[in-house]
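Here is the structure we will look at, set down as structure tokens.
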Amino acid sequence: MMNLTVNIGVIGTGGMGGRHARNLTDAVAAANIVAIMDVDPVRAQQVADRCGGATLYTDADHLIADPDVDAVLVAAPDRFHAELTHACIEAGKPVLCEKPLAAREPEARKIIDAEVALGERLVQVGFMRQYDPAHMGAKQISDRGDNGRALVFRSVHMNPAKDEIRPIDDVITNSVIHDIHSARWIMGAEIESVYTSYIPFSPFQPKSARYVMIQLQFRNGALGGLECNAEAGYGYEVDVRITGETGVVQTNSLQSPIVRHNNVRSQWIEEDWLQRFEVAYINEAQAWVQSIIDGEATGPSAWDGYMSILVADACIRSAKRGQPVHVHAPEKPALYRNST
Ligand SMILES: NC(=O)c1ccc[n+]([C@@H]2O[C@H](COP(=O)([O-])OP(=O)(O)OC[C@H]3O[C@@H](n4cnc5c(N)ncnc54)[C@H](O)[C@@H]3O)[C@@H](O)[C@H]2O)c1
């Protein structure tokens, strides 16, 4: 018989895991948080209290093995994603893993191999822009062909200040990974080569990246450009622009009211991703829970997670070599036939 409520365990209850837990409790139908694990017991307890109580774990493997846990949401730091996701597949439990699926390509490959061996998709990756109404609208118009064939994909990703010198590897695998997925998803095409340029935070920290620009070539001949500011210093903005043969479609992230006051015309800009993608995170979690009830994984797959990390690795190599780098992608397994 079909399960009507999905009992969820959350691993990692920081900014993102805490928000997911709150959304699953307050805004997502048929979801119930039953278990929580974080290495910080105070944070775990606070989130458990906010969710109306849950079993607290100090060991992620014990949470995954808990027979009361139907599905797992992984929002621990990036370096733990692959191992935790792999453990969920071994336990046969659906998992919503935050991006990136893995820190490097070989770990992501093991997840693909595990799902293919199982013959079933259990993984959804947290590329929530796929559930953002603005992104969905732009893709729909582009796919409909109103502007002819899509020629060029552009994205601009402005991060708020973190007061942190971020290494180029982190900016690409943690932030630009979203833009890589958007490019593949919106264009419906794989990325064939990348060429990364960047400005470090200072000449004394050449492996840090303050601003990254990446040129893309898609397999279908289209071009792309990804821009990421690691520390915009004024707020958070993400937009995409798709140029077709006969027109352009673009998102406009600034949706707040325009205010005229004291001889100034102003518009409020979101502080961070939690504000900008508030609706997308809820839609994403709702779609995940529904897919578990329906018994069929949907949304960004492990293959999307794998391909985005493969491209991210190529972007990092290109940044270090100062040259374009070809993306050597393996053949897509049949299991992911319906995924991007
Ligand atoms: N999809 C998005 O838009 C988005 C936005 C922000 C963050 N994220 C991702 O979510 C994840 C968490 O990011 P965050 O911003 O919440 O970070 P955070 O630092 O606020 O929270 C991380 C939490 O994980 C806990 N933790 C550390 N090691 C752990 C372990 N081994 N097992 C379990 N928990 C552990 C920490 O105590 C902390 O509570 C990251 O992978 C990040 O890339 C995604």
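The values are calculated or read from the model by the stated rules, or taken from the named source; none is laboratory data. Owing to the predicted nature of the structure, the values given are computational and were not obtained by experimental measurement. All Cβ positions, glycine included, derive from the backbone under ideal geometry; neighbour counts span all protein chains shown.
Cβ contacts < 9 Å: first residue farther than 19 Å from residue 106 by Cβ, restricted to segment 313-340; second residue in a helix (DSSP H, G or I) and basic (Lys, Arg), any location; separation 6+ or different chain. Result?
Listed pairs, sorted by first residue: 323/317; 340/184.
Any chance segment 141-162 includes a residue that's charged (D, E, K, R), at pLDDT below 95 and closer than 24 Å to residue 272 by Cβ?
Scanning segment 141-162, I find at least one residue that is charged (D, E, K, R), at pLDDT below 95 and closer than 24 Å to residue 272 by Cβ, so the answer is yes.
Conditions tested, residue by residue: (1) among the aromatic types (Phe, Trp, Tyr); (2) over 29 Å from residue 116 (Cβ atoms); (3) within 14 Å of the chain's Cα centre (by Cα).
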position	(1), (2), (3)
240	no, yes, no
249	no, yes, no
269	no, yes, no
286	no, no, no
291	no, no, no
294	no, no, no
299	no, no, yes
304	no, no, yes
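Before we move on, is residue 42 surrounded by fewer than 21 Cβ atoms within 10 Å (Cβ to Cβ), hydrophobic (A, V, I, L, M, F, W, C), out of contact with any His (no Cβ under 7 Å at 6 or more places or on another chain) and at pLDDT 95 or above?
yes
Taking into account only those residues within segment 288-322 that are part of a loop (DSSP other than H, G, I, E, B) and on the phi < 0 side of the Ramachandran plot, which is surrounded by the most Cβ atoms within 10 Å (Cβ to Cβ)?
Only one residue fits best here, namely 300.
Which condition from (1) loosely packed, with under 15 Cβ neighbours inside 10 Å; (2) of a type in the set (Gly, Ala, Ser); (3) within 12 Å of the ligand (Cβ to nearest atom) is the one that residue 117 breaks?
Exception for residue 117: condition (3).
How about segment 16-58: which of its residues are acidic (Asp, Glu) and within 9 Å of the ligand (Cβ to nearest atom)?
Correct list: 38, 40.
Does residue 104 satisfy the criteria of being among the basic types (Lys, Arg), under 17 Å from the mean Cα position of the chain (by Cα) and not assigned by TED's automatic domain parsing to the domain that holds residue 187?
Yes, satisfied.
Could you give every pair whose Cβ atoms fall below 9 Å, whose first residue belongs to segment 132-152 and is over 23 Å from residue 286 (Cβ atoms), and whose second residue is surrounded by fewer than 20 Cβ atoms within 10 Å (Cβ to Cβ) and hydroxyl-bearing (Ser, Thr, Tyr), counting only separations of at least 6 or pairs across chains?
What qualifies is 146/246; 147/243; 147/246; 148/246; 150/243; 151/243; 152/243.
If I ask for residues that are within 13 Å of the ligand (Cβ to nearest atom) and of a type in the set (Val, Ile, Thr), which ones from segment 283-314 would you list?
309, the sole residue that qualifies.
Examine segment 216-226 for a residue that is without any contact (Cβ under 8 Å) to a residue 24 or more places away in the chain and loosely packed, with under 14 Cβ neighbours inside 10 Å, and state whether such a residue exists.
Yes: one or more hits.
With in contact with a Gly (Cβ under 6 Å, 6 or more places away or on another chain) and hydrophobic (A, V, I, L, M, F, W, C) as the only criterion, which of 204, 127, 153 stands out?
Sole residue among the options that is in contact with a Gly (Cβ under 6 Å, 6 or more places away or on another chain) and hydrophobic (A, V, I, L, M, F, W, C): 153.
Residues of segment 177-200 being buried (at least 23 other Cβ atoms within 10 Å of the Cβ) and either of a type in the set (A, V, I, L, M, F, W, C) or not assigned by TED's automatic domain parsing to the domain that holds residue 240 (or both), which ones?
Result: 177, 180, 183, 186, 187, 191, 194.
Looking only at segment 76-97, which residues are within 13 Å of the ligand (Cβ to nearest atom) and surrounded by fewer than 24 Cβ atoms within 10 Å (Cβ to Cβ)?
Listed by number, the residues that qualify are 76, 77, 78, 79, 80, 83, 84, 87.
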